[in-house]
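Structure first, commentary second.
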Amino acid sequence: MSRIGFIGLGMMGQPMAHLLHAAGHPLVVRDVNAEATRRFVAGHAGALAASDAASFSDCDIVLTMLPNSDIVDAVLAELAPHLKAGASVIEMSSADPSRTRALAARLAEHDVSLIDAPVSGGVKKAVAGTLAIMVGGDPAVHERLKPVLEVMGKQITHVGPVGSGHALKALNNYVSAAALIATAEAIHAGAAFGIDPATIVDVINASTGKNNTTENKAHQFMLNGAFNSGFSLALQAKDVGIAASLGPALGVPMTLAQKVSDLTTLASGKLGPAADHTELYSFAAKP
Ligand code: NAD
């Protein structure tokens, strides 16, 4: 069993690390939130809390599940000189693909390989170990690390060279956010017309407008006012911003992506860092 350093025990990282522990991997864990680290170690026999960067020097794999590229870069810059030659990083956060490529090159100078392996499916699938995982990087490294990914995910797809997983993840989240906003606007317009919001969602689910928001978010987190899906609006705005930036960088017109990015960024700024992304439903009624 590979010895795994797991960094980032948040909404997603905690259940993912839990599954790796249950599969028998020795774990060294770290989170800037000391209470998250303490709680994990207390509940998982044998798991160690990292005291410093040198705590990861025996790890075969370091797995990161962090908010963004700024944090991933800082954490791995600190760790890189301490990692053993031949170790691998599995970068599972949703991050900026061009920065991931640069990071992989810097790690290679320490004889450390990196694959990007962001996930889709939210907290529910993280708990169940059924995440979709999109992998960028050397196919041979991916094959070697696949058994570890299989503990956390069901549909694991190698999508291209390093950075490709992060690019595809951002694009997926753009499509998802666009559908969420379109769904919210349609519900508000239909309700203003006098149609019951629950009926609107049910009819769309039987029609061609059906999407992940109508199926898995509208009744569950939006119409009931729960707004507790476990995926923050700030993280969603980050992802859509990355997707929108790919347009100019690649010379591809992404007009709608820029609008969705502007809207999610505006909403995130107004609703604050604690807002769940499903709160876009209320925001869409009164931007
Ligand atoms: P989260 O905010 O709940 O967790 C992030 C964790 O990282 C926190 O526990 C935080 O304390 C920790 N952290 C921050 N800076 C750190 C540092 N310097 N060192 C160590 N730990 C640090 O976020 P999340 O919802 O778990 O998301 C994690 C990543 O997964 C993000 O990139 C997000 O975009 C992506 N993602 C989230 C979901 C979801 O549904 N929540 C789904 C797919 C992908």
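Find the relative contact order for segment 4-160 and round it to a whole percent, using C-alpha pairs within less than 8 Å whose residues are 6+ positions apart.
The value is 20 percent.
In Å², and per residue, what accessible area does segment 167-283 have when probed at 1.4 Å with the other protein chains present? Mind showing how you got there, number by number?
Values: 5560 Å² over 117 residues.
For segment 167-283, the per-residue accessible area is 48 Å².
What is the percent carbon and sulfur in the accessible area of segment 123-225, measuring with a 1.4 Å probe over the protein chains and ignoring ligands?
For segment 123-225, the apolar C and S fraction of the accessible surface comes to 60 percent.
Roughly what % of DSSP beta bridges within the chain run antiparallel, to the nearest 5?
15 percent
Under DSSP H, which helices of the chain have Cα atoms covering 27 Å or more of the helix axis and a Kyte-Doolittle average no less than 0.0? Spell out each step's value before the answer.
On the way: long enough: 164-192 (42 Å, 0.66).
Long hydrophobic helices here: 164-192.
Quickly rank 1-10, 19-28, 188-197 as a protection proxy: mean count of other C-beta atoms within 10 Å, highest first. Walk me through the intermediate numbers first.
Numbers: 1-10: 21.9, 19-28: 17.9, 188-197: 12.7.
Averaged packing, sorted descending, gives the order 1-10, 19-28, 188-197.
GluC sites (Glu not before Pro), restricted to segment 26-124: which are DSSP loop and have at most 11 other Cβ atoms within 10 Å?
Passing both the DSSP loop test and the Cβ count: Glu109.
Please give every one of the aspartates and glutamates within straight-line cross-link reach of Lys210, meaning a C-alpha to C-alpha distance under 12 Å, and leave out same-chain neighbours fewer than 8 residues apart.
Asp202
Which three extents, in whole angstrom, do the alpha-carbon atoms of segment 137-201 cover along their principal axes, largest first?
Extents along the principal axes, in whole Å: 57, 22, 10.
Please work out the FRET efficiency for the pair Glu35 and Phe193, using the Cβ-Cβ distance as r and a Förster radius of 51 Å; give the result to the nearest 0.05.
0.60
Kirkwood Rh over Cα pairs of segment 4-160 into Stokes-Einstein at 4 °C, 1.567 mPa s: D in µm²/s?
85 µm²/s
With +1 assigned to the C-beta of every Lys and Arg and -1 to the C-beta of every Asp and Glu, and no other charges, what is the dipole magnitude of segment 4-160 about the Cα centre in debye, to the nearest 20?
500 debye
Determine the calculated [θ] at 222 nm for the chain from helices alone, applying -39500 (n - 2.57) to every DSSP H run no shorter than 4 residues and normalising by the residue count; nearest 500 deg cm²/dmol. Show your work: numbers first, answer last.
Values: 12 runs with 148 residues, N = 287.
Helices in the chain give a 222 nm mean residue ellipticity of -16000 deg cm²/dmol.
Which entries in the list Lys154/Lys270; Lys84/Lys124; Lys259/Lys286; Lys217/Lys270; Lys84/Lys238 go over 28 Å, if you measure between the two C-alpha atoms of each?
Lys154/Lys270; Lys84/Lys124; Lys84/Lys238
Give me the base-10 log of I(q)/I(0) for segment 186-287 at each q in 0.14, 0.18, 0.23 Å⁻¹, Debye formula, one uniform scatterer per Cα, rounded to two decimals.
Once normalised to I(0) and log-transformed, intensities are -0.61, -0.93, -1.21.
State, to one decimal in nm², a quarter of the convex hull surface area for the C-alpha atoms of the chain, i.e. the direction-averaged projected area.
15.2 nm²
Can you work out the FRET efficiency for the pair Glu150 and Glu215, with r the C-beta to C-beta distance and R0 = 25 Å, to the nearest 0.05?
So, using R0 = 25 Å, E works out to roughly 0.45.
The values are calculated or read from the model by the stated rules, or taken from the named source; none is laboratory data. Not measured: the values here are computed from a predicted model. Neighbour counts are summed over all protein chains in view; Cβ atoms, including those assigned to glycine, are modelled from backbone coordinates with ideal geometry. These area figures cover heavy atoms from the full protein model, side chains too; ligands, DNA and RNA do not enter into them. Shrake-Rupley method; radii C 1.70, N 1.55, O 1.52, S 1.80 Å.
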